[in-house]
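Engineer: Take a look at this one; I'll ask things after.
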């Protein structure tokens, strides 16, 4: 069980990293207009690939 | 526990009241700077009590004459000199203010939602991590976990609790600090006390396991209940923002078009965004100026209450600068635009919103005092429970105190009525109905009689032209061009016949008397009632050259409206100033048994009063300029679209677009709102009666307390959201 002495601190750091990533995602507006991406397929104005 | 929304639940009809329309007069401003009335978008109002608290805070800022805050729209209206307005944000640390333009208030809402989402995520995520770290101790009291490993897990939990205390708990801590400073008990206080006490005690238990606080760690409960509380707030915020966005969408439409003169002659309707400096605009009687500009041709009479606070009409001479947002009270005027719509548009929007959306709870003092008493009681109870438990079983005393503080939810009471009102507002806005007074919903639920106006409400006018002698029909285009200057339904019907490029100047319109204008040669012409129910057009002082017979068709949706209202159990009456024979004919066509023609505006008002004195609660549906006093006399009033905006001021609700089917919807929605409010209040009372004893007895762990509180608020909001759906 000695491995826990390593794993527990690492998991704390990981949790803090997750918080940091979420903060970035929120700031860059990833969570606004979540519906829009799904509707983009139906959008006639967007140019087709190729 | 009373709430402001409960005053007239199932009450007997009130004593008949005589209402005279009040023309607000403001006292002359003391001091040099004139106060201006400005509307602000506010972030940080998570309950109606916050709105009240903010209102009081604003009123206490030196220099502020008055302040009103509306919870539902997230809006504050402040009357203060310009430099005080500029400094308002600095004087209010707990809330964020932004100018009330659609763009900036949408941005403010976005920021508010983002901040809450961040806090919610931190609390939720950290609480789950902490729970995993604490899981070993859940089984057999963690007896098999070695002591040093236990300490490590506890330390890790402690580290992960800091983000929650720093970010997620901030609204509660800040709110509690504010309530301590102002001496008012707010519901953030028990939550903050519970959170801080738990954190401190658990930290002490971690670093000094043999000390007084025992060795029990509650970081998992702490972070979990904060997460649950924030989730409850999230639900409430989404509901509120959805309503505000719907309202913004609705209000963006009505004044979106301006009448611009074409260089070649004639008038076209253009979107406000398309206006540019130098355009010549026409503003009819009763319309709001969309942009700043220079007055052309003739003196004008304007209401500038949005800008100056003075509601007395102001007279301007040609060449003067007129400001966007003023209301044209006199002759139709011509304006050369000074700039694009932009800011001026915001001012006009703010003016409509300001009247519409700041709630005025009828008995704020009572609800407020009751809430404070309730909170004081909870704090006392927590102390008592803690004292008793520290004698019986000291290890559990903290847990019990925390549970009692967290579980009591005044927010369910606080949200019961506002959540329902907000939801209803949103539903009505979707159908094109704008409530000018949110508490009109209460009155509307009691309505048992509906008085309908005829012209423009149930009927749409149709004009047919008849030249009085050969050759006169050449003047048809000119007559229609003159008619286009007015917003009156009859004039609009004539204008629809096809206006030509005739230029009219010095056009005057008097309510009830018609239009008078000068043509290119300076000759005066009149378009007005010809005494036979139609309009006559001719030179002033001579007999008319053209007669316009005005035919009325019942609107297509009128019979359905009558049937729906009768099905709802309402008594209907038709009142009109038109000839009795036509009124009876229409009544027969629509299936109305009570109809009265030949009513002057005063006779209509008297009819409303008589009905009220007989014990009825009257809803008046009308539109014309002449109806304003009648609309004010009725218990509730609705002005139909196409209504001259002057009449719209006195009405409790406006039908901005859509058909007459909105009228029965309005009444149905009001009744449903009352039912939902009652359900919410009953739930809030039952919840507290059940949960508090459980917490005191020690049967409620803190996380369950947090869950209970959040679920209770979410339930209230969720119940209210039923009002948004179609019924």
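The values are calculated or read from the model by the stated rules, or taken from the named source; none is laboratory data. Since this is a predicted model, take the numbers as computed values, not measurements. Positions of Cβ are backbone-derived with ideal geometry, glycine not excepted, and every protein chain shown enters the neighbour counts.
Engineer: Against the conditions (1) modelled with pLDDT of 85 or more; (2) over 49 Å from the mean Cα position of the chain (by Cα), where does residue B:174 fall short? Just the number, please.
Structural biologist: Of everything listed in (1) modelled with pLDDT of 85 or more; (2) over 49 Å from the mean Cα position of the chain (by Cα), residue B:174 misses just condition (2).
Engineer: Name the helices (runs of 4 or more DSSP H) wholly within region B:95-196 that hold at least 1 residues that are within 11 Å of chain A (Cβ to nearest Cβ) and surrounded by fewer than 16 Cβ atoms within 10 Å (Cβ to Cβ)?
Structural biologist: B:102-134, B:147-163
Engineer: Let me ask you something else. On the given criteria, is residue B:666 within 19 Å of the chain's Cα centre (by Cα) and modelled with pLDDT of 85 or more?
Structural biologist: On the way: within 19 Å of the chain's Cα centre (by Cα): yes; modelled with pLDDT of 85 or more: yes.
Yes: the conditions hold for residue B:666.
Engineer: Within region B:183-203, is even one residue more than 22 Å from residue B:126 (Cα to Cα) and out of contact with any helix residue (DSSP H, G or I) (no Cβ under 7 Å at 6 or more places or on another chain)?
Structural biologist: Yes, that holds for at least one residue.
Engineer: If you scan region B:517-551, which residues turn out to be assigned to a strand (DSSP E or B) and in contact with a helix residue (DSSP H, G or I) (Cβ under 7 Å, 6 or more places away or on another chain)? Quick ask: steps written out before the conclusion?
Structural biologist: Of region B:517-551, the ones assigned to a strand (DSSP E or B) are B:517-518, B:524-529, B:535-539, B:546-551.
Scanning region B:517-551 gives B:517, B:525, B:527, B:535, B:537, B:546, B:548, B:550.
Engineer: Being assigned to a helix (DSSP H, G or I), over 27 Å from residue B:264 (Cβ atoms) and modelled with pLDDT of 85 or more: is that true of residue B:382 here?
Structural biologist: Working: assigned to a helix (DSSP H, G or I): yes; over 27 Å from residue B:264 (Cβ atoms): yes; modelled with pLDDT of 85 or more: yes.
Yes.
Engineer: Here is a follow-up. Which of the residues belonging to region B:681-724 are touching a residue at least 12 places away in the same chain (Cβ under 8 Å) and not in a helix (DSSP H, G or I)?
Structural biologist: Result: B:698, B:700, B:701.
Engineer: Which of the residues belonging to region B:59-113 are at positive phi and at pLDDT 80 or above? Outline the logic, then answer.
Structural biologist: As a first pass, look at region B:59-113 and keep what is at positive phi: B:63, B:74.
Result: B:63, single match.
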